[in-house]
1. Kindly evaluate C:ILE20 against the criterion of being modelled with pLDDT under 90 and within 28 Å of C:ILE180 (Cα to Cα).
2. Please specify each residue of segment C:10-49 satisfying the condition of being under 13 Å from C:GLY96 (Cα atoms) and at the interface with chain B (Cβ under 7 Å from one of its Cβ atoms).
3. Taking B:TRP103, is it within 7 Å of chain C (Cβ to nearest Cβ), in contact with an Asp or Glu (Cβ under 6 Å, 6 or more places away or on another chain) and closer than 23 Å to B:ALA154 by Cβ?
4. Please indicate, with yes or no, whether at least one residue in segment B:11-22 is open to solvent by 20 Å² or more (accessible area, probe 1.4 Å) and in contact with a Leu (Cβ under 8 Å, 6 or more places away or on another chain).
5. Only one of C:ILE117, C:ILE121 is in contact with a His (Cβ under 8 Å, 6 or more places away or on another chain), of a type outside the set (Asp, Glu) and within 16 Å of C:TYR56 (Cβ to Cβ); which?
6. Any residue in segment B:152-181 that is surrounded by 13 or more Cβ atoms within 10 Å (Cβ to Cβ) sitting within a Cβ distance under 8 Å of a residue that is in a helix (DSSP H, G or I) and basic (Lys, Arg)? List the pairs, counting only those 6 or more apart or interchain.
7. Take B:ILE55 and tell me if it is out of contact with any helix residue (DSSP H, G or I) (no Cβ under 7 Å at 6 or more places or on another chain), of a type in the set (Val, Ile, Thr) and either away from chain C (no Cβ under 13 Å) or over 27 Å from B:THR125 (Cβ atoms) (or both).
8. Counting only residues that are in contact with a His (Cβ under 8 Å, 6 or more places away or on another chain) and of a type in the set (Phe, Trp, Tyr), how many does segment B:26-85 have?
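The values are calculated or read from the model by the stated rules, or taken from the named source; none is laboratory data. Note that the structure is predicted; figures quoted are calculated from it, not measured. All Cβ positions, even for glycine, are placed from backbone atoms using ideal geometry, and neighbour counts span all protein chains on display. Areas reflect the complete protein model, heavy atoms only, side chains present, ligands, DNA and RNA absent. Shrake-Rupley method; radii C 1.70, N 1.55, O 1.52, S 1.80 Å.
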There are 4 protein chains.
Amino acid sequence: MSKSRMEAFSDGVIAIIITIMVLELRPPHGIDLAALYPLIPKFLSYALSFIFLGIYWNNHHHLLQAAKHVDGRILWANLHLLFWLSLIPFATAWMGENHIASWPVALYGLVLLLAAIAYFILTRTLIALHGQDSTIATAIGSDFKGKISVVLYAVALPLAFISTLISSAIYVGVAIIWLIPDKRIERKVAA
Amino acid sequence: MSKSRMEAFSDGVIAIIITIMVLELRPPHGIDLAALYPLIPKFLSYALSFIFLGIYWNNHHHLLQAAKHVDGRILWANLHLLFWLSLIPFATAWMGENHIASWPVALYGLVLLLAAIAYFILTRTLIALHGQDSTIATAIGSDFKGKISVVLYAVALPLAFISTLISSAIYVGVAIIWLIPDKRIERKVAA
Amino acid sequence: MSKSRMEAFSDGVIAIIITIMVLELRPPHGIDLAALYPLIPKFLSYALSFIFLGIYWNNHHHLLQAAKHVDGRILWANLHLLFWLSLIPFATAWMGENHIASWPVALYGLVLLLAAIAYFILTRTLIALHGQDSTIATAIGSDFKGKISVVLYAVALPLAFISTLISSAIYVGVAIIWLIPDKRIERKVAA
Amino acid sequence: MSKSRMEAFSDGVIAIIITIMVLELRPPHGIDLAALYPLIPKFLSYALSFIFLGIYWNNHHHLLQAAKHVDGRILWANLHLLFWLSLIPFATAWMGENHIASWPVALYGLVLLLAAIAYFILTRTLIALHGQDSTIATAIGSDFKGKISVVLYAVALPLAFISTLISSAIYVGVAIIWLIPDKRIERKVAA
């Protein structure tokens, strides 16, 4: 079974998710700079979610390039990932509208956590199909970033009820881990 | 006539349908967990529709892989299917907003029924073009799942006025039939 | 310059236009059948626009298959067509909300007219690039349907102020002309 | 790393951005021509943004055709561009709703400026990967249009507080520079 349509469909869904989030940024009624102030938390939430979805798209791109073929199980593992990603606009909007309150921040982390788990399942399903010695298994490797992300989300989630600032900082931290080019962090981990 | 653009267009439409449904999940004004409770029926409706659209995309993917070429009639049979699928967000929103009332549940079933019939017409049009001995005719086979789905939707529809719970359970049941890997159920049917 | 990305981009835009129209079908607050009645003109407008966009996609698909290459002028002729198509959801919504009043019906016809002219320009630009003896010039031929559509829209437009029913009937008539398989009407015209 | 998925993803995002802007054109409640008057600034803003996004898509198409391969840095430079482009609907809506007031016009220019800078970074990243003697470096050349656009946006931005008409005229001017076929302006600059 060819992987190209699964790539095209995922591209379509992620492109739409990343774009409809901006619909939450409603133009204010005022016409001066002050009218934009209440939009700042929404804008920051949007930018953060844009980066997270960009990371997922980048990783998905790399992952599928290493894959040779897909089967029905992988199509569903992929749809499972897209399902949690599709909830990011909702979680972003709730967080953005409420100036970073505890429950919205925790829900945001929960959606990120479930997406990270879904991504992990997708990598395992791909390795199961291609074998432990395949290029894709080697490319995924120990998946340090994937595992540490799950741990960090799981930590950030309850912390949202103590300090939403710390939780938000952890989310930003996870994004930074992924934005740093692979080689460097891999060498650090190897050291 | 090449089938690749028809695949790409269908991917685009299904990707958008599956994603805009999430726009119905409006962020609540409250900021605690209780604010999310009224969204539960909407979320469940969304998840069910996501699974149905995922099943359609999966089946469409498999169907088109077995097809060698398409013609004008098939393009229209495909657009006919996409038309009914495009009404799923509307039916989902009506059902989700009304905590599973009779008419919304019946309408949801009707849209699913009409989409299932449109899919059936698409398979027949494809077989008519490729011939009874073609790979695609063999791949579709007796189309047990397709036929039983139509029957189940037709049964669930009037039942919505007696018990929306039974109707909903039947919809979930149809989804489960399609989620079970093909081989197993085919062997069971063959036995 | 390769035509594949122009096809992909057009597919994307048309897929989105065809799908966001359904967002106008807001779920009613009532939960019985009567609650759906006010949506009937919206639904009919949606169905008509879906068919028109389906016709455009079909024709675009056929046209581009006959094309060998594209240049900057064709990219812009194509974007010009997509611009008018992108206004169909707006015209559809205004017509659907106002139970087929004169101005909305006329505006709908105007958008269809401008899209038909843009499509005509696109075919001429393609012929200019490929030459009068090219496959694409032969495939387009006398373009009877294209010309008669422009004439019919131009007639239907002022008629909207006398009878919106006649205008609407002409729009439906144009759609039917395009839905009838090519061969038959071409033979009739040739006779 | 193949560039085709980056092209497909960018096509998807730009197609959605260009299309969701039309959602701002809400159908008016009145049913006569006068009801459309208040929509004129919105329509003009939409048309201008459509053209700008069309220019970006056209340039992106040309740029990627000259590119041979991409890497992680280019994927991010591309996402950075898409981020600023994704804010065009918001800036367009604010400008369109406020009949061309100072701050909205300035914000619109700011988003265009940041998108132009992001595009510039993308071209530099592509040249850095392919080398100074590559086809892409030659194709980009001195990038006169790119540089003059950045300068014009930077000038138009503060001018919005003196005269929104002049700022708007400059935006239209930049669009015209890009719409004029390349050869002519390049020869003028060379002369």
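1. Working: modelled with pLDDT under 90: yes; within 28 Å of C:ILE180 (Cα to Cα): yes.
Here the answer is yes, as C:ILE20 does meet what is asked.
2. Answer for segment C:10-49, where residues must be under 13 Å from C:GLY96 (Cα atoms) and at the interface with chain B (Cβ under 7 Å from one of its Cβ atoms): C:VAL22, C:LEU23, C:LEU25.
3. On the way: within 7 Å of chain C (Cβ to nearest Cβ): yes; in contact with an Asp or Glu (Cβ under 6 Å, 6 or more places away or on another chain): yes; closer than 23 Å to B:ALA154 by Cβ: yes.
Criteria met by B:TRP103.
4. Within segment B:11-22, not a single residue is open to solvent by 20 Å² or more (accessible area, probe 1.4 Å) and in contact with a Leu (Cβ under 8 Å, 6 or more places away or on another chain).
5. Details: C:ILE117 fails: in contact with a His (Cβ under 8 Å, 6 or more places away or on another chain).
Only one candidate qualifies: C:ILE121.
6. B:ILE177/B:LYS145; B:TRP178/B:LYS145
7. Working: out of contact with any helix residue (DSSP H, G or I) (no Cβ under 7 Å at 6 or more places or on another chain): no; of a type in the set (Val, Ile, Thr): yes; either away from chain C (no Cβ under 13 Å) or over 27 Å from B:THR125 (Cβ atoms) (or both): yes.
Against the criterion (out of contact with any helix residue (DSSP H, G or I) (no Cβ under 7 Å at 6 or more places or on another chain), of a type in the set (Val, Ile, Thr) and either away from chain C (no Cβ under 13 Å) or over 27 Å from B:THR125 (Cβ atoms) (or both)), B:ILE55 does not qualify.
8. Residues in segment B:26-85 being in contact with a His (Cβ under 8 Å, 6 or more places away or on another chain) and of a type in the set (Phe, Trp, Tyr): 0 in total.
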